[in-house]
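All remarks here apply to the structure that follows.
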Amino acid sequence: MQQLIKQIEQWAEDRNLIHGSTPQKQMLKLMEEFGELCGGVAKNKPELIKDSIGDCFVVTVILCKQLNLKAELYSSVVISEFKEGKYTDTSITEQLLEAVHNLGGIAIPINQGWRITKEWVELFCINLMIIALFEGLNFEDCVQHAYDQIKDRKGKMIDGVFVKEGDL
């Protein structure tokens, strides 16, 4: 997973997303991708859920790079806790709602110009991992799928937003 994160960071560097954009713009992109995840869950569209989980994580990695945050991934812990039945008292809907709370913990400091603590990012990533597990998905496969979709993508920065070639 660490290698995949490095590839995502390099992809973002190569497209000037780290220094050519802002955390505010990246946060908007994260909210867009999260909305797609919610739509996938609401409409029971497994492929959209897989794609959106990966996309949310890709955007989160880029946001962390912009903010110089080193968030820890607890995927092995979350997976073993899930297998042990720790999350039987929650649901995908509850995880999505909790993720909204955690996104607020990221968005408010960005909006106010305050320092962001990595815990909010880590909690959001845990929400994504649990949602993947509830859907029977491997989190790393979701991220790899998202990276495979973007790795050769070309585009242009417009007002701090990367616009893919097909949308120009």
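The values are calculated or read from the model by the stated rules, or taken from the named source; none is laboratory data. Predicted model, so just to flag it, every value in this text is computed and none were measured. Cβ coordinates were reconstructed from backbone atoms using ideal geometry, including for glycine residues, and neighbour counts include every protein chain displayed. Calculation scope for accessible area: heavy atoms of the full protein, side chains included, ligands and nucleic acids excluded. Shrake-Rupley method; radii C 1.70, N 1.55, O 1.52, S 1.80 Å.
Pairs only if they're at least six apart or on different chains, beta carbon under 8 angstrom, first in region 1-18 and touching a residue at least 24 places away in the same chain (Cβ under 8 Å), second part of a loop (DSSP other than H, G, I, E, B) and open to solvent by less than 20 Å² (accessible area, probe 1.4 Å); list them, first residue then second. These pairs meet every condition: GLU9/ILE18; ALA12/ILE18. Does region 150-168 hold any residues that are loosely packed, with under 10 Cβ neighbours inside 10 Å and in a helix (DSSP H, G or I), and which are they? Passing the criteria: GLU165, GLY166, ASP167.
Take the residues in region 80-97 that are β-branched (Val, Ile, Thr) and under 18 Å from the mean Cα position of the chain (by Cα), then tell me which one is nearest to LYS6 (Cα to Cα). Checking each candidate, the answer is ILE92.
LYS43 meets all of the listed conditions (1) modelled with pLDDT of 95 or more; (2) of a type outside the set (S, T, N, Q); (3) closer than 16 Å to LEU128 by Cα but one, namely (3). Looking only at region 1-53, residues that are under 18 Å from PHE162 (Cβ atoms) and either acidic (Asp, Glu) or not in a helix (DSSP H, G or I) (or both) come to 15 in all.
What's the total number of residues in region 78-99 that are out of contact with any helix residue (DSSP H, G or I) (no Cβ under 8 Å at 6 or more places or on another chain) and within 22 Å of LYS50 (Cβ to Cβ)?
We begin by selecting, within region 78-99, every residue out of contact with any helix residue (DSSP H, G or I) (no Cβ under 8 Å at 6 or more places or on another chain); these are 80-81, 83-86, 88-89, 94, 97.
So of that shortlist, the ones also within 22 Å of LYS50 (Cβ to Cβ) come out as 80-81, 83, 94, 97.
Total satisfying the criteria: 5.
Taking region 100-118 as the range and being open to solvent by 50 Å² or more (accessible area, probe 1.4 Å), assigned to a helix (DSSP H, G or I) and either free of Cβ contacts under 8 Å to residues at least 24 places away in the same chain or farther than 10 Å from MET27 by Cβ (or both) as the test, the residues that pass are VAL100, HIS101, ILE108, GLN112, LYS118. Of ILE92, ILE79, all but one fail to be in contact (Cβ under 8 Å) with a residue 12 or more places away in the chain and open to solvent by 40 Å² or more (accessible area, probe 1.4 Å); the exception is ILE79.
Name the single residue, out of those in region 54-71 being outside any helix (DSSP H, G or I) and either at pLDDT 90 or above or open to solvent by 60 Å² or more (accessible area, probe 1.4 Å) (or both), that is farthest from LEU123 (Cα to Cα). For region 54-71, the residue satisfying everything is ASN68.
With respect to being more than 18 Å from ILE62 (Cβ to Cβ) and outside any helix (DSSP H, G or I), LEU137 fits the description.
Between TYR74, TYR87, the distinction of being of a type outside the set (A, V, I, L, M, F, W, C) and either under 20 Å from ILE8 (Cα atoms) or exposed (fewer than 13 other Cβ atoms within 10 Å of the Cβ) (or both) belongs to TYR74 only.
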